[in-house]
Amino acid sequence: MDPELKNIQLEEYTDPNGLVKFQKDLLDIEAKDMRVTDRFKFGVLLCKERQTTEQEMFQNVKGSKEWDHFLSLLGDTVQLKGFQGFSGGLDTKNDTTGTHSVFTSWEGFQIMFHVSTLLPTTDENIQNNVSKKRHIGNDIVLIVFQEQSSEPFQPSTIQSQYIQIIVVVRCLGKITRETTPLYQVTVATYEHIPRFGPPVSFPPIYFSDVKFREWLLSLVVNAELAAYNSKNFQEKFRIVYKTQLAEILKSIDRRKSS
């Protein structure tokens, strides 16, 4: 129990309407708990050959066949306007966050991907790429797809106070009529993030197939859940929930005194 809650004096509250409202408010708090969710949003950033800065990567508006193949593994390309599923904060009315995105339903979860090449690109000043930075920079898990011959990716390249885990998928070949490329995967996390699975194989080389898709989706979902259970996030949740509970108790007091 939170030490600040120990001295709270509980008393019987018998107002039927107030009890219904109290129960609804508690359920609303529970529904907003990100640690118990069936909806996820993940950033997906394209890194082309010789790109080493965040600005260069955010300026990409299209990728190679290998990039398109990777996106098709993640999910389906959906039109945002009128989309009825989980939008992950994307605009489904006026196309202000692009016209399409990538979405999938997997193991009972709804997953929306914030894809860098599908979000609107403005000008060469990264400060003005508001939509890309606002969505991808505020995701907890970021997937970086590196095209063949890219420089080794440095996690410090992406400036974000919110991203906790970066999964780097490096393409090791080209798509041909006979073959699809292999992927090399590395995972970078902050030290405070608890361990999560499934583990990265050794060597960390994967075929770009359905098995890889299942492994990757499991990895990013578990990564986000692990972040929620880290000490940093637990403290943030505690502060938010304490504030919300205090507001509920104040509203009860107001109804009792009125």
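The values are calculated or read from the model by the stated rules, or taken from the named source; none is laboratory data. As the structure is a prediction and not an experimental result, all values here were calculated from the model. Methodologically, a virtual Cβ is constructed for each residue, glycine included, from the backbone with ideal geometry; neighbour enumeration extends over all protein chains shown. Keep in mind that these areas ignore ligands, DNA and RNA; they rest on the heavy atoms of the full protein, side chains included. Shrake-Rupley method; radii C 1.70, N 1.55, O 1.52, S 1.80 Å.
The overall shape of the range 80-226 is rounded: from the C-alpha gyration tensor, with semi-axes ordered a ≥ b ≥ c, the ratio a/c is less than 1.5. Applied to the range 130-139, the Karplus parametrisation 6.51 cos²θ - 1.76 cosθ + 1.60 on θ = phi - 60° returns per-residue 3J(HN,Hα) values of 4, 5, 4, 5, 5, 8, 5, x, 10, 7 Hz, with x for Gly and Pro. Distances between placed amide hydrogens fall under 5 Å for G63 paired with no residue 5 or more residues away or on another chain. Starting from the Cα gyration tensor of the range 73-161, take the square roots of the eigenvalues, sort them a ≥ b ≥ c, and report rounded, prolate or oblate (rounded when a/c is under 1.5, otherwise prolate if a/b is larger than b/c, else oblate). The shape class here is oblate. A 1.4 Å probe over all protein chains sorts T104, T99 by accessible area into T99, T104, starting with the largest.
For the set K41/K174; K48/K81; K48/K132; K62/K133; K48/K211; K133/K174, the pairs lying more than 22 angstrom apart at their alpha carbons are K41/K174; K48/K81; K48/K211; K133/K174. Modelled label positions at T96 and R39, each set 7 Å beyond Cα in the direction of Cβ, lie 1.8 nm from each other.
Each part reduced to its alpha carbon centroid, the range 56-99 and the range 119-193 end up 15 Å apart.
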